[in-house]
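Values in this text are rule-based calculations from the coordinates and carry no lab data. This structure is a prediction, so every number in the text was calculated from the model and none was measured. Here the Cβ positions follow ideal geometry from the backbone for every residue, glycine too, while neighbour counts run over all protein chains shown.
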Amino acid sequence: MKEILQNLANLQYIDSRIDELSRLRGDLPEEILELEHEIDRATSIINRLEAQEMELTQERKNLELDLQDSAALIEKYETQQMTVRNNREYDALTKEIESQKQATDNGRSRLEEIAIILEESSRKMTDLKAELADLEETYTSKKSNLTEVVEKTRNEEDELLKVREEAKAKVDTRYLRSYERLRNGLHNGIAVVAMEKGACLGMMLPPQVQNEVRKMNKVIIDENSGRIVIDPEFFENARAQFKF
């Protein structure tokens, strides 16, 4: 039974170190992914606004040309009115002039709308480009930090994963299932804990349970936390064996 308990302690000791390396990376991967989404969002909006600006700029040029054409036609029709021979021709020219004046009013109104839209679009793009620059700077910094942490921990973590497989193979299948189930259900991944001064995670164990833990001849489950409680000697042995 001591061997079973020692194997469980070894596996927990290794897993705790792997978890520690994972904590060194912290939330950086998630933060970087979120920054990538924010950068994509800002870039997409900027691209859309730039495309809209190009379309409106072209529309403005076309409208300005149309206004020039309308002004020329109005001048032409007004000149022709001076030489008409009857009221029918005069009225026809008057309708053409009114039509061009209406087109001119509509064109000028649309130009005013375009000016307002372009001004608002320019303001939005200025703000978004500043936001994008900040996001990219933060992204570069966090990406660099993550790369540095990963480089520092990669070799150790790869080695630990190999050692873990070896330690895992030594754990009895029944206890391994319980261990994995406990680890997966706990926020800190600690399924096996050492009894410290008669307590488990700060909660005093009944005297009888303390004695059973010290005897090291059975697997003891703490009724409060649901974790496996072992004598601290097993973790001391693991520390001496793995030296990390």
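Structure above, values below:
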quantity	calculated
Residues Ser22 and Lys243, FRET efficiency given R0 of 22 Å [Cβ-Cβ distance, rounded to 0.05]	0.60
In nm, spacing of pseudo-spin labels at Ala169 and Arg88 (7 Å Cα→C-beta vector)	10.8
Net length gained if the chain between Met204 and Asp69 were fully extended (0.36 nm per residue, minus Cα distance)	39.2 nm
Estimated FRET transfer efficiency (Lys215, Arg154; beta-carbon r; R0 41 Å; 0.05)	0.50
MRE, 222 nm, helices only [DSSP H, n ≥ 4, -39500 (n - 2.57), over the chain, to nearest 500]	-29000 deg cm²/dmol
Degrees between helix 28-81 axis and first principal axis of the chain (Cα, 0 to 90, nearest 10)	0
Residue-span extension gain [Ile114 to Ala130] - 0.36 nm each, minus C-alpha spacing	3.4 nm
Cα gyration tensor category, rounded, prolate or oblate, for segment 130-190 with a/c compared to 1.5	oblate
Inverse of mean 1/r across different Cα pairs in segment 24-154, Kirkwood, Å	19.5
Too-long pairs where the Cα-Cα distance tops 20 Å, listed order kept, from Lys170/Lys215; Lys76/Lys101; Lys170/Lys197; Lys162/Lys218; Lys61/Lys124; Lys170/Lys218	Lys170/Lys215; Lys170/Lys197; Lys162/Lys218; Lys61/Lys124
In degrees, nearest ten, helix 232-242 long axis to first principal axis of the chain (Cα)	70
Helix 87-169 axis, angle to the chain major axis (alpha carbon atoms, nearest 10°)	10
